Amino acid sequence: MQLADTHTHLYLPEFDNDRDEMISRALACGVEKMLMPNIDINSVEPMLEAANRYKGICLPMIGLHPTSVGDDYPEQLKRIFDLYDKYNFFAIGEIGIDLYWDKSHLKEQLQAMRQQVAFAIGKNLPVVVHSRESFPEVFSVLEEFRGEKLSGVLHAFSGTTADAERAVEMGFMLGIGGPVTYKNSRTVEVVRAAGIRNIVLETDSPWLSPVPYRGRRNESSYIALINRKIAEIFGINEEESARMTFENSCRLFNI
């Protein structure tokens, strides 16, 4: 069984004490690819160290996370964009809008997202989009680039069925993680409506652990639990749901 964790921050300090063991557990569960979104200029070095240590398994992205967008975002973006030609990145991410933690830099977040989406299109890379409490704003930016061969995923999807349908219509996939396993999660209906060919699996580790690990540190091996829930939703076996979502991941990220 082949699985992909399309969104894991496994290079963060939360894994410093057992990163090798965590990777081994994931591989033992069939998780063959772990895609790492960048946060800001300071996270690039540990992310690339992980990519080098686990070559072909841990795959890096490059981007500026919306909660790291401040008055200095033009300088950070320049430094981030300058890295592109030096390394092999698989996506532009994690980018987007976050209005949960900070609304004071909305203007800057919008500008940073636009610049990174344009950069992704120019490099023929998908985007990995953060959209916490910001679907109207995120969709408004994506609409500006409609028709320009933009692809990507709405990470940690938390929107409505209507939001999901709009995302799919725009050519985006939905990133589905631990919350789909929570009791009475509305994500179940969203996933069912979107269809298995329009989703990829992710952990967002070390956060958003699935049941029965909710509230504890998340890790990539738990993708197997998320896959089990997806199989249950669609009434198929776990091998089939793994195959389909793995194929989705490979197609989206050109793996």
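The values are calculated or read from the model by the stated rules, or taken from the named source; none is laboratory data. In this text the structure is predicted, and so the values were computed from the model without any measurement. For neighbour counting, all protein chains shown are included, and Cβ atoms are generated from backbone atoms with ideal geometry for every residue, glycine included. Surface areas here come from the heavy atoms of the whole protein model, side chains and all, with no ligands, DNA or RNA. Shrake-Rupley method; radii C 1.70, N 1.55, O 1.52, S 1.80 Å.
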- Query: List the chymotrypsin sites (Phe, Trp or Tyr not before Pro) in the range 170-255 that DSSP assigns to loop (not H, G, I, E or B) and whose Cβ has at most 16 other Cβ atoms within 10 Å. Which are they?
  - Reply: Tyr182, Trp207, Tyr213
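Relative contact order for the range 8-64: what is it in percent, counting Cα pairs under 8 Å that are at least 6 residues apart?
On the way: 57 pairs, mean separation 22.1, N = 57.
Once divided by the residue count of the range 8-64, the mean separation gives 39 percent.
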- Could you tell me the distance between the Cα centroids of the range 215-255 and the range 61-133, to the nearest Å? 26
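Scan the chain and report its longest stretch carrying no GluC sites (Glu not before Pro) that are both in a DSSP loop and have at most 15 other Cβ atoms within 10 Å. Could the numbers behind the result be given before it?
On the way: sites that count: Glu133, Glu148.
Maximal segment without exposed cleavage sites: 1-132.
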- Message: Using the crude model of +1 on Lys and Arg Cβ and -1 on Asp and Glu Cβ, and no other charge, please compute the dipole size for the range 137-235 relative to its Cα centre, in debye to 20.
- Response: 520
- Exactly which chymotrypsin sites (Phe, Trp or Tyr not before Pro) in the range 87-139 are in a DSSP loop and have at most 13 other Cβ atoms within 10 Å? Tyr87, Tyr100, Trp101
- Note on the structure: Given Cβ charges of +1 for Lys and Arg and -1 for Asp and Glu, the option among Met1, Tyr84, Gln111 whose Cα lies farthest towards the positive end of the dipole of the chain is Met1
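Counting other C-beta atoms within 10 Å, and keeping those with at most 12, which DSSP coil trypsin sites (Lys or Arg not before Pro) do you find in the range 176-255?
Working: sites: Lys183, Arg186, Arg192, Arg197, Arg214, Arg216, Arg217, Arg228, Lys229, Arg243, Arg251; in loops: Lys183, Arg186, Arg214, Arg216, Arg217.
Passing both the DSSP loop test and the Cβ count: Lys183, Arg216.
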- Query: Put +1 on the Cβ of each Lys and Arg and -1 on the Cβ of each Asp and Glu in the chain; which of Gly195, Val129, Leu225 then has its Cα farthest toward the positive end of the dipole?
  - Reply: Gly195
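Per residue, how much accessible area does the chain have with a 1.4 Å probe, in Å²? Don't skip to the end; give the middle numbers.
On the way: 11270 Å² over 255 residues.
For the chain, the per-residue accessible area is 44 Å².
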- Apportionment of accessible area to carbon and sulfur, the chain, percent (1.4 Å): 48
- Task: Sum up the lysine pairs in the chain that clear both bars: alpha-carbon distance under 26 Å and a spacing of 8 or more or different chains.
- Result: 18
